[in-house]
Amino acid sequence: MQSETKICQNCKKDFVIEPDDFSFYEKIKVSPPTFCPKCRLLRRFLHTSETVLYKRKCDFSGKEVFSMYSEDAPFPVYETDIWYSDEWDPGQYGMDYNPARPFLEQFLELQNKIPRMSIVRQGLAVNSPYAHRVTDPKNSYMVFRSSYPENSLYIYNGKKHVLDCCDCSWIYECELCYECVNCANCYNVKFGQESKDSRDCYFIYACRNSSNCVGCVNLVNAEYCIWNKKYTKEEYLKKLKEMKLDTFSGLEKMKVEFERFRKKFPQRAIMSIKSEKVLGNWFLNSKNVTKSFDCENVKDGKYLFMVFNAEDCMDYFEWGNKAEQIYECENCGIDIARLYFCNQCWMGAHDLYYCNTCPGAHDCFGCVGLKKGKYSILNKEYSKEEYKKLKNEIIEQMKKIPYVDNKGLEYRFGENFPANFSDFAYNETIANYYHPLTKEEALDRGYRWMGKGKKNYETTTKASQLPETISEVNDSILSEIIECAEKDNPNSVGAFRITQNELTFYRRMNLPLPRVCFDIRHIRRMDKRPPLKIIKRSCSECSVEVETVYTEEYAPIIYCEKCYQQEVY
Ligand SMILES: [Zn+2]
Ligand SMILES: [Zn+2]
């Protein structure tokens with residue numbers, strides 16, 4: 001087989017399908033894509049809301065709930081516990097397949113009728129009503145995309161048991177961490193990034209197996225270091241005190257100085273730990289994973305983003321936790337296999353095509369909300385033999401009769417759900433972060449837009465009036481509505497409150513109160529990472545060409561793996 005250059009249906013740019021890609025498509029018996037990798041990723045993003053939640057009524061009980069869907073969603077929305085229960089039957093919405101009409105058009109009709117869960121959760125939520133896209137959350141608040149979070153607050157993408165953490169993103173098995181990004185197995189680390197197996201540190205970048213370090217970069221097995229310089233324990237403690245990292249202004253000063261300091265050190269071209277044959281960024285224990293980002297324990301993958309414990313997957317955004325042969329899916333995980341063009345299928349789901357929110361289902365085609373369904377098409381169950389026959393007929397029909405979307409794009413068998421099938425407006429999805437559009441641009445491209453006029457909060461205090469240290473804060477802060485210091489920033493919600501658990505955390509960690517709302521803090525952490533774009537640079541030491549996401553501006557000094565290993569390890 002040879003590689004082939006094609007023109008993307010959507011952006012009209014060239015893209016290449018490699019021989020390995022063709023082998024994969026052949027193995028899973030799907031037609032090669034007609035969208036380029038970038039447009040395919042954007043399409044997966046478009047089906048994914050993350051941190052935007054609304055208060056609305058549960059259409060089953062009338063109770064007020066938090067939901068990813070606003071009141072004007074076209075379908076009924078049920079509180080997640082009710083959705084999972086036997087109190088309603090998704091099979092009652094079953095439709096007959098009509099071979100004369102495009103299949104996806106029929107799917108959309110079904111999708112607009114079926115009740116959906118208010119927020120996405122697997123397993124049990126213990127005292128965690130405000131957690132979205134989570135598995136078994138316990139006593140957690142404002143936690144998104146996390147597996148087994150406990151006593152944690154304001155977390156985005158916390159995987160494999162995150163305990164007592166606050167304001168962290170992309171963390172893996174961490175405890176007592178604050179403002180960390182891309183850290184794994186860390187304990188009591190504040191403002192850490194790209195670090196692993198470290199404890200009791202402030203402001204560390206790309207450190208491993210270190211403790212009691214402040215303002216350090218690229219250190220391995222270090223202790224009592226400040227600005228990469230070793231001190232005695234006594235000197236270290238004295239200096240640490242002088243840095244006043246328990247004060248708001250001390251931390252702000254440190255943030256600026258640390259960013260400047262970091263840039264003086266070589267940046268490894270690809271952030272990978274115990275991984276081989278990887279291209280992209282942020283790999284842990286992964287092998288043969290290319291053009292991918294944030295992969296942990298992944299083997300044989302391409303075009304993956306935020307996936308852990310997975311094998312033999314392509315074009316997959318988010319999750320894993322035991323996943324095998326997943327293609328063109330988003331938000332799928334936990335013991336899943338052979339899912340193609342699916343969104344939100346989990347807990348043992350296998351052998352599904354074009355399914356949306358079908359936990360525990362197997363052998364289904366074009367189903368929505370079918371809990372533990374089997375041998376079903378458009379939510380109607382068939383015998384195993386009938387299912388197989390009809391499934392093959394539909395695949396052939398989809399190859400011949402495409403669904404044509406509102407932009408004139410053709411969707412045949414082999415393409416994921418069209419953008420206009422998304423339950424969300426463009427600015428409610430993660431697409432708007434990675435590919436920001438103005439309202440006009442979004443509408444012009446056929447996307448929906450959510451007018452989220454800022455609420456006018458009756459604030460009782462201003463962020464600038466908050467005390468410098470936590471010791472000066474008393475419990476009355478819990479009843480204050482604080483005006484966000486960046487209230488005019490379009491990402492700010494305008495105001496925020498401090499919850500009891502949060503106050504307890506800041507006291508325990510000796511941290512000052514934050515002065516901006518969660519949304520700003522979240523975006524700031526997202527912005528700490530370079531964009532997901534692989535560029536070519538040359539190693540600052542040996543000049544060999546490297547592929548990296550780190551731009552000259554982000555990392556003036558870039559090292560190839562060999563030079564980095566020689567200097568740092
Ligand atoms: Zn494209
Ligand atoms: Zn080099």
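Here segment 356-512 is described by how far its Cα atoms reach on the three principal axes: 71, 38, 24 Å, from widest to narrowest.
Separation of the alpha carbons by more than 30 angstrom is noted, of Lys29/Lys374; Lys196/Lys264; Lys371/Lys391; Lys380/Lys439; Lys274/Lys536, for Lys380/Lys439.
Counting only Cα atoms, the size of segment 303-400 along its three principal axes is 36, 29, 18 Å, in decreasing order. Between Lys12 and Thr504, the simple spin-label model (points 7 angstrom out along Cα→Cβ) gives 5.9 nm. DSSP beta bridges fully contained in segment 303-400 are about 5 percent antiparallel.
Whose amide H sits under 5 Å from the amide H of Ile273, counting only residues 5 or more places off or on another chain, with H placed in the peptide plane? Placed amide hydrogens put Phe283, Leu284, Asn285 under 5 Å from Ile273. Of interest is the spacing of the C-alpha centroids, which for segment 503-554 and segment 305-337 amounts to 25 Å.
Note on segment 239-361: Rg/Rh from Cα positions, Kirkwood definition for Rh, rounded to two decimals, is 1.21. Legend: residue pairs Lys12/Lys291; Lys302/Lys388; Lys239/Lys562; Lys277/Lys533, Cα-Cα distance threshold 26 Å; pairs beyond threshold, Lys302/Lys388; Lys239/Lys562.
Would any residue of segment 191-218 have its amide N under 11 Å from a label point 7 Å out along Cα→Cβ of Lys233? List them or say none. Residues passing the 11 Å test: none. Considering segment 193-242 at the alpha-carbon level, its Rg and Dmax are found to be 9.6, 28 Å.
Across q = 0.17, 0.24 Å⁻¹, segment 164-276 modelled as identical point scatterers on its alpha-carbon atoms has Debye log10 I(q)/I(0) values of -0.76, -1.48, in the order of the q list. Working note: Cα gyration tensor of the chain, eigenvalues times five, square-rooted, sorted largest first, giving semi-axes of 41, 30, 20 Å. Computing FRET efficiency as 1/(1 + (r/R0)^6) for Arg448 and Asn98, where r is the C-beta to C-beta distance and R0 is 30 Å, gives about 0.65.
Computed from point charges on the beta carbon alone (+1 for Lys and Arg, -1 for Asp and Glu), the dipole magnitude for the chain about its Cα centre is near 860 Debye. Working from Cα pairs under 8 Å separated by at least six residues, relative contact order for segment 121-203 is 14 percent.
Take the Cα of Glu541, step 7 Å toward its Cβ, do the same at Gln566, and the gap between the two points is 0.6 nm. The length gained on full extension between Phe22 and Glu468, counted as 0.36 nm times the residue separation minus their Cα-Cα distance, comes to 154.7 nm. At 7 Å along the Cα-to-beta-carbon direction for both Thr551 and His435, put a label point, then send me their distance in nm to one decimal. Between Thr551 and His435, the simple spin-label model gives 1.9 nm. Here the ratio of the Cα radius of gyration of segment 288-336 to 2.2 N^0.38 Å is 0.88. Bridges between two residues of the chain, per DSSP, are antiparallel at a rate of about 20%.
Just so you know, all these numbers are worked out from the coordinates, no wet-lab data involved. This structure is a prediction, so every number in the text was calculated from the model and none was measured. In this analysis, Cβ positions are derived from the backbone assuming ideal geometry, glycine residues included, and neighbour counts consider all displayed protein chains.
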